[in-house]
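J.: I'd like to ask some things about the structure below.
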Amino acid sequence: MNFYKESLRIGGERIESDRIIEVVNPYTGACIGSVPKATVDDVRRAFEFALAYRPRLSRYERHRILLKAADLVVARAEEISDLITAESGLCKKDSRYEAGRVRDVLVFGANAALNDDGQIFSCDITPHGRERRVYTQRDPLLGIISAITPFNHPMNQVAHKIVPAIATNNRMVLKPSEKVPLSALLLTDILYEAGLPPAMLQVVTGDPTEIADELLTNPAVDLVTFTGGVPIGKHIASKVGYRRTVLELGGNDPLIVMDDADLNKAADLAVAGSYKNSGQRCTAVKRILVHSAVADPFVELLVEKSRRWRYGDPANPGLDMGTVIDEAAAMLFESRVTESVAQGARLMLGNERQGALYSPTVLDHVRPEMVVVREETFGPVSPVIRFGSVDEAIAIVNGTAFGLSSGLCTNRLDIITRFVDALHVGSLNVWEVPGYRLELTPFGGIKDSGLGYKEGVLEAMKSFTNLKTYSLPWPQQD
Ligand code: NAD
């Protein structure tokens with residue numbers, strides 16, 4: 001196995017340091033590499049370097065860089081997958097899938113860079129209209145974008161920040177999660193190799209308690225884009241002041257199973273939604289709401305399918321699930337499940353832990369007020385809440401602080417439209433997991449899950465630009 005002694009990417013150079021953060025494989029416990037602990041001065045230098053450069057890449061040049069990077073990702077997919085697996089404990093199936101998603105983000109960004117989404121408004125459309133036309137165009141930000149990413153998709157979350165920034169000719173300083181910094185650095189190098197000017201993307205790794213404030217408050221920063229948990233997201237919101245802020249925060253997504261549902265199909269969605277990526281997706285299934293008329297047979301199927309979900313050494317390509325991010329996270333799930341059982345929930349399977357390895361776990365008869373479903377339990381836990389009516393299900397879904405996504409298993413159009421209108425969420429997928437989306441489509445939550453600003457390549461490109469209008473005289477021709 002390689003040892004990755006990594007450096008910062010500042011000012012077009014690789015900067016090493018004696019102050020390091022070790023990167024640990026969550027399954028083996030081995031140190032697989034290190035990254036520098038950047039100082040506040042390092043961060044300032046990154047902003048200065050970025051400010052001194054004005055990107056002038058044509059749409060075609062941005063398109064070519066992103067497409068070339070996509071080709072490099074495809075060519076190096078196995079290396080990328082190995083690195084993601086080594087630093088995060090995600091199994092090979094998950095990390096290979098993630099490499100494919102990164103490729104998609106790059107290709108969508110490459111194509112979107114070619115599109116001019118400007119609008120034209122003719123002004124002779126009212127009684128007091130004029131012979132003019134108003135046009136719109138999107139300009140890159142005047143300042144720098146600060147991006148901060150979480151651990152759960154080590155490369156794809158980073159791609160969702162960087163690619164829209166490049167597609168819109170912006171400059172970004174990125175701080176990846178200190179738990180999984182290596183994948184971010186690899187993607188950065190791939191983009192440099194594809195021709196990206198280094199001032200458009202610099203990477204600082206380090207201890208957030210030391211450098212995060214500088215990333216939020218440096219005068220060069222025009223926009224902060226953050227993906228991560230609610231507590232830090234709200235801290236950022238209170239810190240940034242008069243700056244645009246995009247916050248993609250936690251979720252507590254339900255899969256709702258109605259009494260007309262094909263239970264086998266619904267249980268397949270429940271296990272995939274609960275356990276893929278070790279349950280560490282903001283849109284993982286974190287609560288399964290099942291109509292009480294079908295709850296018994298559904299839970300039986302859920303237990304059976306969960307038992308067949310093979311977990312263990314993340315590097316074993318035959319397995320379905322690796323570890324969670326670290327032992328502390330696994331211990332938290334264990335204690336929440338144990339607490340819910342003490343409060344009356346029934347443990348049907350799992351709650352077994354070995355270091356950071358935590359088994360697929362099924363709970364039945366969970367009540368909405370239990371912490372395991374009231375808070376975000378960011379791991380492979382399937383808690384079943386039984387409900388008796390659509391009204392009750394809506395109240396349960398809307399009864400937490402979160403509002404990210406949701407999944408619904410029913411064929412009844414009247415029920416589908418009811419949920420679409422009533423749920424306080426950013427998205428709803430009928431007969432799909434809450435996490436289903438294209439990298440291109442609008443994505444993001446409301447309430448504690450986000451401020452309503454969306455991600456997805458196209459939406460992020462909008463939030464990373466200033467919309468300018470200009471108008472021209474347009475006299476009627478004879
Ligand atoms: P986290 O909030 O603990 O950390 C996220 C990032 O914030 C890391 O890079 C961390 O170093 C940084 N950070 C820490 N302290 C900071 C501070 N004081 N100021 C600024 N930044 C600071 O999240 P995590 O545990 O890495 O990721 C899991 C969370 O991310 C879950 O809640 C999950 O739901 C959420 N998430 C949301 C989305 C979404 O799109 N809505 C996507 C993926 C993950």
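J.: Given (1) within 15 Å of the ligand (Cβ to nearest atom); (2) touching a helix residue (DSSP H, G or I) at 6+ places or on another chain (Cβ under 9 Å); (3) closer than 20 Å to A342 by Cα, identify the lone condition not met by Y358.
T.: Against the list (1) within 15 Å of the ligand (Cβ to nearest atom); (2) touching a helix residue (DSSP H, G or I) at 6+ places or on another chain (Cβ under 9 Å); (3) closer than 20 Å to A342 by Cα, Y358 comes up short only on (1).
Matching residues to (1) open to solvent by 60 Å² or more (accessible area, probe 1.4 Å); (2) modelled with pLDDT of 95 or more; (3) more than 20 Å from the chain's Cα centre (by Cα):
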{"position": "V40", "(1), (2), (3)": "no, yes, yes"}
{"position": "A52", "(1), (2), (3)": "yes, yes, yes"}
{"position": "R62", "(1), (2), (3)": "no, yes, yes"}
{"position": "A99", "(1), (2), (3)": "no, yes, no"}
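J.: Separate question: Return yes or no: is V134 among the β-branched types (V, I, T) and within 16 Å of the ligand (Cβ to nearest atom)?
T.: no
J.: State the number of residues belonging to region 174-200 that are over 16 Å from L90 (Cα atoms) and either more than 9 Å from the ligand (Cβ to nearest atom) or not charged (D, E, K, R) (or both).
T.: Residues in region 174-200 being over 16 Å from L90 (Cα atoms) and either more than 9 Å from the ligand (Cβ to nearest atom) or not charged (D, E, K, R) (or both): 18 in total.
J.: Can I ask one more? Residues in region 350-368 that are touching a Lys or Arg at 6+ places or on another chain (Cβ under 6 Å) and in a loop (DSSP other than H, G, I, E, B): how many?
T.: Of the residues in region 350-368, 1 are touching a Lys or Arg at 6+ places or on another chain (Cβ under 6 Å) and in a loop (DSSP other than H, G, I, E, B).
J.: I'd like to check which helices (runs of 4 or more DSSP H) are fully inside region 215-326 and have at least 1 residues that are surrounded by 18 or more Cβ atoms within 10 Å (Cβ to Cβ), of a type in the set (A, V, I, L, M) and within 16 Å of the ligand (Cβ to nearest atom).
T.: By residue number, 230-239.
J.: Are any residues in region 1-25 open to solvent by 20 Å² or more (accessible area, probe 1.4 Å), in contact (Cβ under 8 Å) with a residue 12 or more places away in the chain and in contact with a Ser or Thr (Cβ under 7 Å, 6 or more places away or on another chain), and if so, which ones?
T.: K5, E6, I15, E16, I20, I21, E22
J.: Follow-up. Restricting the search to region 393-430, which residues are in a strand (DSSP E or B) and in contact (Cβ under 8 Å) with a residue 24 or more places away in the chain?
T.: F402, G403, G407, L408, C409, N429
J.: Is there a residue in region 80-89 that is touching a residue at least 24 places away in the same chain (Cβ under 8 Å), buried (at least 24 other Cβ atoms within 10 Å of the Cβ), within 13 Å of the ligand (Cβ to nearest atom) and not in a helix (DSSP H, G or I)?
T.: No: region 80-89 contains no residue that is touching a residue at least 24 places away in the same chain (Cβ under 8 Å), buried (at least 24 other Cβ atoms within 10 Å of the Cβ), within 13 Å of the ligand (Cβ to nearest atom) and not in a helix (DSSP H, G or I).
J.: Follow-up. Tell me whether region 456-478 contains one or more residues that are in contact (Cβ under 8 Å) with a residue 40 or more places away in the chain, in a helix (DSSP H, G or I) and of a type in the set (D, E, K, R).
T.: Looking for residues that are in contact (Cβ under 8 Å) with a residue 40 or more places away in the chain, in a helix (DSSP H, G or I) and of a type in the set (D, E, K, R), one finds at least one in region 456-478, hence yes.
J.: While we're on this one: Against the conditions (1) touching a Lys or Arg at 6+ places or on another chain (Cβ under 8 Å); (2) aliphatic (A, V, I, L, M); (3) open to solvent by 10 Å² or more (accessible area, probe 1.4 Å), where does A395 fall short? Just the number, please.
T.: Failed condition: (1).
J.: In addition: Out of (1) more than 30 Å from L142 (Cβ to Cβ); (2) out of contact with any Asp or Glu (no Cβ under 8 Å at 6 or more places or on another chain); (3) not polar (S, T, N, Q), what's the single condition that is false for V224?
T.: (1)
The values are calculated or read from the model by the stated rules, or taken from the named source; none is laboratory data. Since this is a predicted model, take the numbers as computed values, not measurements. All Cβ positions, glycine included, derive from the backbone under ideal geometry; neighbour counts span all protein chains shown. Protein only, heavy atoms only, side chains kept; ligands, DNA and RNA dropped before computing areas. Shrake-Rupley method; radii C 1.70, N 1.55, O 1.52, S 1.80 Å.
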